[in-house]
Amino acid sequence: MLSIDDIIQLEQQATQELELLQADVASSGDEVAAISPDKAIGRLSRLDAMQMQQVAKAAQRRRQDRITALQNALDRIDAGRYGQCELCQNWIGLDRLQAQPEATRCSDCAG
Ligand SMILES: [Zn+2]
């Protein structure tokens, strides 16, 4: 079971990671923006640009998924039901939560 100190520390960690991700999402907006069709680039460089855009979009999606997961973790902390596995209801290990504060499953159920 998590102590109050553990939860406070994990809440700070989740909040910090959330802020960093939100800053990343904001600063990656240009990479993800649509390539304008009238941009004077050749066909090959246009393909390159489209591939880079796909990669940037995938990275942005992963960031947004993690933001949602971290916000959900903070909601669970507020609601006083943080740190229990959603499947087996056992406590999730502190080392696991420190590595991944948004974890919703214990290491046994995650695999
Ligand atoms: Zn479990």
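Could you work out the Rg to Rh ratio of the chain, with Rh taken as the Kirkwood radius (inverse of the mean 1/r over all Cα pairs)?
With Rg and the Kirkwood Rh in hand, the quotient comes to 1.17.
In nm, give the distance between the simple-model label positions of Ala26 and Ala99, each being 7 Å from the Cα along the Cα-to-Cβ direction.
3.1 nm
List the trypsin sites (Lys or Arg not before Pro) within the stretch 40-109 that DSSP assigns to loop and that have no more than 15 neighbouring Cβ atoms inside 10 Å.
In loop regions of the stretch 40-109 (DSSP not H, G, I, E or B), the sparsely surrounded trypsin sites (Lys or Arg not before Pro) are Arg81.
Does anyone have the angle between helix 43-79 and the longest principal axis of the chain? Alpha-carbon axes, 0 to 90°, nearest 10?
For helix 43-79, the angle is close to 20 degrees.
Using helices alone, I'd like the mean residue ellipticity at 222 nm for the chain: each DSSP H run of four-plus residues gives -39500 (n - 2.57), total over residue count, nearest 500.
Estimated from H runs of four or more residues: -22000 deg cm²/dmol.
Throughout, read-outs are computed from the coordinates displayed, never taken from laboratory work. The structure displayed is predicted, hence computed values, not measured ones. Cβ sites come from the backbone with ideal geometry, for glycine too, and all protein chains shown count toward neighbours.
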